Amino acid sequence: MTALLAIDQGTTSTRAIIFDINGNKLGSSQCELPQSFPNPGWVEHDAVHIWDDTVACVQGALADAGLAADDIDALGITNQRETTVLWDRANGQPVHPAIVWQDRRTSAFCQQHQDRNDWLNEKTGLLLDPYFSATKLTWLLDNVPDARVRAERGELAFGTIDSWLMWNLTGGRLHVTDATNASRTALFNIARNEWDDELLAFFKIPRAVLPEVRDSAADYGETEPGLFGGAIAIGGIAGDQQAATIGQACFKPGMSKSTYGTGCFLVLNTGSEFKRSQNRLLSTIAYRIKGETTYALEGSIFVAGAAVQWLRDAMHLIRAAGETEKIAKSIPDTDGVYLVPAFTGLGAPYWDPEARGAILGLTRDSGIAHIVRAALESVGYQTRDLIDAMEKDALALTELRVDGGMVVNDWLSQSLADLLQIPVVRPETVETTALGAAFLAGLTAGVYESLEDIASRWRAQTRFEPQMEAARAKKLLAGWHDAVARVRSANAV
């Protein structure tokens, strides 16, 4: 029996899932991951906690599947991207908490250097924004005592979460990343597929801290035998949104997927062409296999499922996320209430790190149901903004493949189809991020012959067709744009 193990390290949880050759789940384990917010706009993780949870989850998934390490054909890693870890090569200990992708502490630096946006975008496909790893790493080198001197001496190692896990899984033997994660640092030239000396000089990053960059499907060695009762071959790494693109089998130019987790990330395959966006989207590496790079356009929304988490944990309007579907159905519409979840600024296509969240359109008749429904609808509005921008850059989308924890909500999936005015397709396996990592590992291990072999195993579960009239969707979207305009910062471009 084929068994492929995926480590899926996300923003709010760490998971390990074991799949069979067709993507059916054999076993899994999950640990919730707390975040800390030491200052307004700051978001941090304990990297050691992430590693401990990873070990526990892999052990738990093996136990759940009734399998041993020797039964696993290969392991793949997928991870929250841009989150930045800096650690001591000698003892493997982080020198500071990990700075999470949502963190906005470097906003002032980015605002100060907005004149470098075109230059940066030409090399990386990205924008100068606190979202990406480069400014986070610069901050660590400038603010952790002796960090810059030690980094220049080669004593410290930088990595996104995949690199941190690989270091620990291999007992410190490998300091590596893959091309997808490297492409999210703002230090990697995605046209030339290499770390860029001019970018390193601009951000004042010593080359000695950087990991080696490999293909997304590649031989990454094997785990330390003592971790899981035997060595497991590691065959793939991809950032979470790229892994979901692979898990959704979006291998042809023009195919697109959108993942709804903590944030929302819409990725459009553009093939072998590095296509720069003219509408404030990101160009990125979708995957690199056998040295051949496939590119994508991406729209990044910072808050999707996190808005539901906020309703539950901060506002106490719901007890569990699963309640939102019933609540949204209990009213015909929001009666003009809009929730703009700019808790950590606005991502694409606005890129306004200083924007802040708001609930607008409240009247005496407004209640909990209106706010909850408005939170769910904000996901659709933000996705529509991304699709409109993508259509200006590339081509009109004919359907959208969706995944992530939020889309198990049928009402939300139908709402997406209505607001987007295109069919929304939910696959049989919504754990597509982990599945994509497993597919990459299986490709390296020879379990799959090709990407076409992987694509043949993808299955649709439900297709949601638009039921709302286009004029109604257009009117709702106009109200959304008015609400967004009200929360934009004075410095917004």
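Each reported figure results from applying straightforward, stated rules to the coordinates on display, with no laboratory input. No experiment lies behind these values; they were computed from the predicted model shown. No Cβ is skipped: glycine too gets one built from the backbone with ideal geometry, and neighbour counts run over all protein chains shown.
Tabulated results
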quantity	calculated
The chain - percent relative contact order, Cα under 8 Å, separation 6 or more	15
The stretch 388-493: chymotrypsin sites (Phe, Trp or Tyr not before Pro) in DSSP loop, at most 11 other beta carbons within 10 Å	none
Alpha-carbon Rg/Rh ratio, for the chain, with Rh computed the Kirkwood way	0.95
Stokes-Einstein diffusion coefficient of the stretch 4-240, Kirkwood radius over Cα pairs, 20 °C, 1.002 mPa s, in µm²/s	118
Formal net charge of residues neighbouring ALA243 (Cβ-Cβ distance under 11 Å; K, R +1; D, E -1)	-4
Paramagnetic reach from HIS96 in the stretch 108-145 [backbone N under 15 Å; point 7 Å along Cα→Cβ]	108-110, 130-145
Distance-filtered residues of the stretch 241-269 - backbone nitrogen under 17 Å, label point 7 angstrom along ARG457 Cα→Cβ	243-251
Cross-link table LYS275/LYS392; LYS257/LYS475; LYS275/LYS475; LYS123/LYS257; LYS252/LYS290, entries beyond 20 Å C-alpha to C-alpha	LYS257/LYS475; LYS275/LYS475; LYS123/LYS257
The stretch 334-403 - Rg (one decimal) and Dmax (whole number), Cα, Å	14.2, 44
Interatomic Cα distance distribution for the stretch 1-53, bins of 5 angstrom, percent	5, 18, 23, 17, 12, 11, 7, 4, 3, 1
GluC sites (Glu not before Pro) within the stretch 390-493: DSSP coil, no more than 10 neighbouring Cβ in 10 Å	GLU449
Potential extension, GLU194-GLN309 segment - 0.36 nm per residue separation minus Cα distance	37.6 nm
Pairwise label distance in nanometres, ASP219 with ARG116, each label 7 Å out on the Cα-Cβ vector	3.9
For the stretch 1-128, alpha-carbon Rg relative to the globular expectation (2.2 N^0.38 Å, N residues)	1.33
Cα-projected label distance for ALA485 with LYS204, points at 7 Å along beta-carbon direction, nm	4.1
Ranked by how many other beta carbons lie within 10 Å on average, peptides 344-357, 39-52 from highest	344-357, 39-52
